[in-house]
């Protein structure tokens, strides 16, 4: 950002307002590309739908990556300590508006707690153009859910005892 401001100050000090006006009229696409590149934006955000749950609940963790880059690499995901992933999904949207690219990628994970306690979901991160972007740590409190009744052991209907077929005396044949 500072580099862009310094370049603009130098540019403006070298030319008269009339020369700058003519340059801008004739080189709009150059400046648009320059400004787009100079102000390329990437953000990464992690969120959960609940921060206090019971062992009977599920939570949804979303990782949202927004960038002016067309291709976004796979992020480094947390280990989800204290939770089991029961479902996951990914969606992406790429839009082009006046020559600018905007990409949004969303990763969603449905999690179920594996134990009660306070668990931290560590940051996710992504590296784009040698710059690393990270989320914050999320803290989830898991309380004991309702005690579920123990399932009765499945009773099988009594099976008839296996019996060996009675052996009849084989007739003897004499010749």
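The values are calculated or read from the model by the stated rules, or taken from the named source; none is laboratory data. Note that the structure is a prediction, hence the values are computed from the model and not measured. With ideal geometry, Cβ positions are generated from the backbone for all residues, glycine too; neighbour counts draw on all protein chains shown.
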Exactly one condition in (1) in a strand (DSSP E or B); (2) modelled with pLDDT under 65 is not met by residue 60; state its number.
(2)
Let me spell it out: the conditions are (1) at pLDDT below 95; (2) in a loop (DSSP other than H, G, I, E, B), and residue 123 meets all of them except one. Which number is the exception?
(1)
May I ask you to verify whether residue 92 is closer than 30 Å to residue 143 by Cα and either modelled with pLDDT under 95 or assigned to a strand (DSSP E or B) (or both)?
no
I need the full set of residues from segment 76-89 which are assigned to a loop (DSSP other than H, G, I, E, B) and free of Cβ contacts under 8 Å to residues at least 60 places away in the same chain, in order please.
77, 78, 79, 80, 81
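Residue-wise test of (1) within 19 Å of residue 75 (Cα to Cα); (2) at pLDDT below 95; (3) in a strand (DSSP E or B).
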residue: 101; (1), (2), (3): no, yes, yes
residue: 105; (1), (2), (3): yes, no, yes
residue: 108; (1), (2), (3): yes, no, yes
residue: 115; (1), (2), (3): no, yes, no
residue: 118; (1), (2), (3): no, no, yes
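Given the structure, is residue 73 surrounded by 15 or more Cβ atoms within 10 Å (Cβ to Cβ) and in contact (Cβ under 8 Å) with a residue 24 or more places away in the chain? Quick ask: steps written out before the conclusion?
Values: surrounded by 15 or more Cβ atoms within 10 Å (Cβ to Cβ): no; in contact (Cβ under 8 Å) with a residue 24 or more places away in the chain: yes.
No: the conditions fail for residue 73.
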